[in-house]
Amino acid sequence: MHIQEWLETIPAVSIYLLVGLVIGLESLGIPLPGEIVLVSAALLASQHGAVDPVVLGICATAGAIVGDSIGYAIGRKGGKPLLERLGRRFPKHFGPDHVALAERSFERWGMWAVFFGRFVALLRIFAGPLAGVLHMPYWKFLIANVFGGILWAGGTTAVIYSVGIVAEPWLKRFSWTALALAVLFGLGVTLVLRSRMKKAAAAAGAAGAHPAATAPAAVTD
């Protein structure tokens with residue numbers, strides 16, 4: 001069976017639910033490949049008429065906003081001990097360096113860290129729980145969460161879907177090659193983000209070690 005025929009057997013609602021669930025869990029604080037799933041689904045929508053990009057974008061946005069809000073509530077209740085437990089269980093994602101970098105970002109930028117954190121892999125996982133741990137006022141968090149979720153999830157869906165439509169003449173039938181390209185594209189985005197975060201962490205560490213460095217003010221109600 002050709003992959004296009006196989007994909008057409010998958011109910012569109014399953015794709016919507018999968019995207020919303022994965023992005024929601026990632027936003028909640030569980031390290032999952034939300035961006036790869038969203039990019040792949042948006043490319044699929046451009047080649048699979050049954051998948052509505054508007055509904056896909058809405059589901060992705062809803063997952064991002066709801067997941068972040070749950071993460072905020074968990075962080076508010078769990079506090080610092082929660083981050084320490086996560087660091088022991090997921091050292092590659094919640095290690096001391098990652099937590100310190102995310103905390104500095106929040107303490108310096110406040111609600112803007114939640115908004116722009118949507119576009120950075122590390123902060124997208126940390127945003128909700130860390131905002132709760134630092135007791136950021138919920139109304140500030142909610143505004144940044146909603147607008148950041150809409151721009152990231154909706155914008156990513158729209159851009160990738162448009163790219164898929166433009167490429168449609170070369171991908172008249174969604175073949176294994178096209179699927180491989182979709183996966184590679186998503187992996188490429190992830191690797192670029194990880195590379196940028198490593199550079200940012202190194203720069204932040206150097207700045208923190210500088211004798212003239214001063215401690216940032218904490219987020220207050």
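The values are calculated or read from the model by the stated rules, or taken from the named source; none is laboratory data. What you see is a predicted model; the values in this text were computed from it and never measured. Backbone-built Cβ (ideal geometry, glycine too); neighbour counts: all protein chains shown.
Given the criteria closer than 28 Å to G132 by Cα and of a type in the set (G, A, S), does G49 qualify?
No; evaluated as a whole, the condition is false for this residue.
Anything in segment 131-168 that is outside any helix (DSSP H, G or I), in contact with a helix residue (DSSP H, G or I) (Cβ under 8 Å, 6 or more places away or on another chain) and on the phi < 0 side of the Ramachandran plot? List them, or say none.
Of everything in segment 131-168, those that are outside any helix (DSSP H, G or I), in contact with a helix residue (DSSP H, G or I) (Cβ under 8 Å, 6 or more places away or on another chain) and on the phi < 0 side of the Ramachandran plot turn out to be L134, M136.
Search segment 100-122 for residues that are farther than 13 Å from G132 by Cα and of a type in the set (S, T, N, Q) and pair each with any residue that is assigned to a helix (DSSP H, G or I) and modelled with pLDDT of 75 or more when their beta-carbon atoms are under 8 Å apart and the residues are at least 6 apart or on different chains.
Once the first residue is farther than 13 Å from G132 by Cα and of a type in the set (S, T, N, Q) and sits in segment 100-122, its partners that are assigned to a helix (DSSP H, G or I) and modelled with pLDDT of 75 or more give S105/A113; S105/G117.
Let me confirm something: among L18, L44, which residue is surrounded by 18 or more Cβ atoms within 10 Å (Cβ to Cβ), on the phi < 0 side of the Ramachandran plot and over 10 Å from the mean Cα position of the chain (by Cα)?
One residue alone meets the criteria, L44.
Which of (1) surrounded by 14 or more Cβ atoms within 10 Å (Cβ to Cβ); (2) modelled with pLDDT of 70 or more does L181 not meet, given it meets every other one?
The single condition L181 does not satisfy is (2).
Sort through K172, K92, K80, K140 and tell me the only one that's among the basic types (K, R) and modelled with pLDDT of 85 or more.
Step by step, each of K172, K92, K80, K140 is checked, and only K140 is among the basic types (K, R) and modelled with pLDDT of 85 or more.
Using the structure shown, decide if A113 is under 21 Å from G34 (Cα atoms), touching a Gly at 6+ places or on another chain (Cβ under 9 Å), modelled with pLDDT of 75 or more and not polar (S, T, N, Q).
The answer is no for A113.
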